[in-house]
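Working notes, beginning with the structure itself.
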Amino acid sequence: MKFLKNIYHYLLAFLGSVFYGNPSKKLYVIGVTGTKGKSSTVSLLGDILKRSGEKVAVLSSATVFAGDYVLKKKTSNTMPGRFFIQKFLRRAVIEKCKYAIVEVTSQGVLQYRHRFIGFDAAIFLNIHPEHIEAHGSFEAYRDAKVSFFRYIAFNSKKKNLFFLVNRNDAESKFFIDVVNGKGRVVYFDEKDFSDRFFPENTHMSYWFASDFNKENAAAAGIMVLELGVSPEFISETLRSFSGVPGRFEVVSHSPRVIVDYAHTPHSLEKLYRFLNETRKDKSSKLICVLGSCGGGRDVWKRPVFGKIASERCQAIFLTDEDSYDEDRQKIISDIRSGISQEFPKENIFEFLDRGEAISRAIKFADKDDTVVISGKGNEQWLHLSRGRKIPWSDSEIAKNCIDGI
């Protein structure tokens, strides 16, 4: 059965390329992969290139457009199947775009959705345990992402292949080795943000106050340097960059309300740590709205999330997050099982309704507190049982609640 599925997905990728006339051959295509930071890096790349005067197409979980043409995804998948990526690339050609920037996921790679696309460049940001149930192990998950680099190195017909790799990631060697001299490899890390683009302590967007966004910006900056954009122009663009919807999105300043996509223990830990470090004073609270995806996805993360929240937050609002056909209360209980026994029970709240959890958390906050709503970012649907889904926006719900206070 697995073999037949592989053939099915491979044929879809092939037929999509044929049907739309192999559009990637007329574009400079950049693929961005990693566990976290993909959407932010893709958005940064698109913003810098657009402001430099180039026509750009972007496909990510945050947005999809080709030039001035906005495409609508009918699925929440970052890399949609059934010809969508080839259709997107064809639209990029029609809109006379020079660059196409594509967010590449491990599950998309497993389903051959990167195949029959002529990539010119690939960026590896980082890798942490994720989608373990889908892949079978962390090693298999890593290998899926590595195979994307391998595919470009050995199958892309483009000249002057370029690979950008995070030098500080423990797994970077696997990505470097697989290139095997088939293209140029360049390294980046968070320090490049200040060393190469902000050597002086100049004013920059609040969005770059966190180290994780500086790392994404460093990757985007070095990539566009390769494309001929000047360091001065990159710095100026980054200085005025307002951020990415659902990625460290500041909804309010008093109380401070943040919506973020953090969906791995590593990203949640970094997010909570940064928000604690930047609290207005030590007496103010960090309040989290926390859930975990259902449908049997990465069940191991749930108690880990609870543990991290109890170590970093002063109040925890547990709730639903794409439960699919799984019991919402069980998911909440799984998260709660990881919360420290020493954490004050009166500061743990449970709401099956995510909207109510967000509203109650914001109303619970004092003006100097921070409320962080994690897990969904700017996702536009909440997935329920029996294939049902409802329109959704964590940011809009938070804004409406603040307006009503």
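The figures follow:
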| quantity | calculated |
| --- | --- |
| Whichever residue in segment 383-399 is in contact with a Ser or Thr (Cβ under 9 Å, 6 or more places away or on another chain) and not charged (D, E, K, R) and, among such residues, is nearest to ILE287 (Cα to Cα) | ALA398 |
| Residues being surrounded by 23 or more Cβ atoms within 10 Å (Cβ to Cβ) and either without any contact (Cβ under 8 Å) to a residue 40 or more places away in the chain or within 26 Å of GLY375 (Cα to Cα) (or both) - total across segment 89-102 | 2 |
| Residue match in segment 357-380 (condition: closer than 20 Å to PRO265 by Cβ and loosely packed, with under 14 Cβ neighbours inside 10 Å) | no |
| Strands (runs of 3 or more DSSP E) lying entirely in segment 198-299 (those with 2 or more residues that are under 27 Å from ILE132 (Cα atoms) and assigned by TED's automatic domain parsing to the domain that holds ILE373) | 256-260, 286-290 |
| Selection count, segment 186-197, where residues are out of contact with any helix residue (DSSP H, G or I) (no Cβ under 6 Å at 6 or more places or on another chain) and touching a residue at least 12 places away in the same chain (Cβ under 8 Å) | 6 |
| Qualifying residues in segment 5-36 (those that are within 20 Å of LYS157 (Cβ to Cβ) and in a loop (DSSP other than H, G, I, E, B)) - the one farthest from the chain's Cα centre (by Cα) | GLY21 |
| In segment 317-351, the residues that are under 25 Å from the mean Cα position of the chain (by Cα) and over 17 Å from THR264 (Cα atoms) | PHE317, TYR324, ASP325, GLU326, ARG328 |
| Meets criteria (surrounded by 15 or more Cβ atoms within 10 Å (Cβ to Cβ) and without any contact (Cβ under 8 Å) to a residue 24 or more places away in the chain) for SER393 | yes |
| Any hit, segment 63-71, residues being aromatic (Phe, Trp, Tyr), at pLDDT 90 or above, within 30 Å of ILE390 (Cβ to Cβ) and not in a loop (DSSP other than H, G, I, E, B) | yes |
| Which numbered condition ASN213 fails, given (1) at negative phi; (2) of a type in the set (S, T, N, Q); (3) surrounded by fewer than 22 Cβ atoms within 10 Å (Cβ to Cβ) | (3) |
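The values are calculated or read from the model by the stated rules, or taken from the named source; none is laboratory data. The structure displayed is predicted, hence computed values, not measured ones. Using ideal geometry, Cβ is built from the backbone for each residue, glycine included, and neighbour counts are taken over all protein chains shown.
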